[in-house]
1. List the number of the failed condition for Ala246; all other conditions in (1) part of a helix (DSSP H, G or I); (2) surrounded by 13 or more Cβ atoms within 10 Å (Cβ to Cβ); (3) out of contact with any Leu (no Cβ under 8 Å at 6 or more places or on another chain) hold.
2. Confirm whether Glu204 is in contact (Cβ under 8 Å) with a residue 40 or more places away in the chain and crowded, with 20+ Cβ neighbours inside 10 Å.
3. Limited to segment 74-89, what total is found for residues that are over 21 Å from the mean Cα position of the chain (by Cα) and touching a residue at least 40 places away in the same chain (Cβ under 8 Å)?
4. Wholly within segment 13-109, which helices (runs of 4 or more DSSP H) include no fewer than the required count, namely at least 3 residues that are charged (D, E, K, R) and assigned by TED's automatic domain parsing to the domain that holds Lys141?
5. What are the residues in segment 105-118 that are touching a helix residue (DSSP H, G or I) at 6+ places or on another chain (Cβ under 8 Å), under 19 Å from Leu172 (Cα atoms) and surrounded by fewer than 20 Cβ atoms within 10 Å (Cβ to Cβ), if any?
Amino acid sequence: MQDAQKLMLSAKGHVSATAKALKILECFTPFQHELTLAQISRLLDMPKSTLLNQLRTLEELGYLMKVRDGSAYRLGYKIMELSYCAHTAIPMSQYAIPVMEDLQDATGEIIYLTSHINGRSFYMECVYPNSRSVPYSVSGKTLPMHCTGCGKAMLSQMNTQQVEAIIQQYGLASLTPNTITDHDLLMEDLAKCRARGYALDNEEETLGVKCIAMAIRTPRGEVAGALSISGSPISMVPEVLDPYAALLARACTSLTQYAHLFPAIQLQTP
């Protein structure tokens, strides 16, 4: 399989050294901020001698930096610069943020805007209450689709083949005791989402967080993204679901005209 992949990359004109450098950067995750040469070598199955030159180059250019006693690396600030540039280049945000701010004013809750990339929920924007309780930006964060309100809202509007392909690729990992990890139960839940027009996250991704979410589709019916209203189990009581669903429906309808600007649509091949 590895040889076939190498041939495929070569046939497409990919540069091997560039691919290796990017794979190094992809080793770092929100749960693994620092990695040693030995750890990266094991993750990529790459000889330390070859890897060391790559690491030194990435460090010189600012994409990696040494930490502690110099035995470990972490992502460099150049990555943050590029992230800012990428974020400001997303045209959807300028249209979505005013809509999200109106939702936040009406509900007092956290509002998320997502799309989907490679079968995962991709978080684009977030509008917080004045008393912000989340200490970091979620822009660029990715999560499994089966355990988030936005993810399930998008899955519920996809065809069966698309949903099955995503499950086949990623499985149904358990993030909390409430995560739906059974295939048939998930399909039943998606059918309920489809019937009522919105999805619910019952502390399935994070304990202490519930949300209601609705998909945003293009005029042709393609699933572009989703909006969600997220809060605590104390505030997200059954009585607010219908009013919040009505607010989400109006917001999603207003964004339909810009749905072609979502990453999920822009990244589709002709």
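The values are calculated or read from the model by the stated rules, or taken from the named source; none is laboratory data. As the structure is a prediction and not an experimental result, all values here were calculated from the model. Cβ atoms come from the backbone with ideal geometry, glycine included; neighbour counts cover every protein chain shown.
1. Here Ala246 meets the rest and fails (2).
2. In short, yes.
3. Total satisfying the criteria: 1.
4. 92-107
5. Ile117
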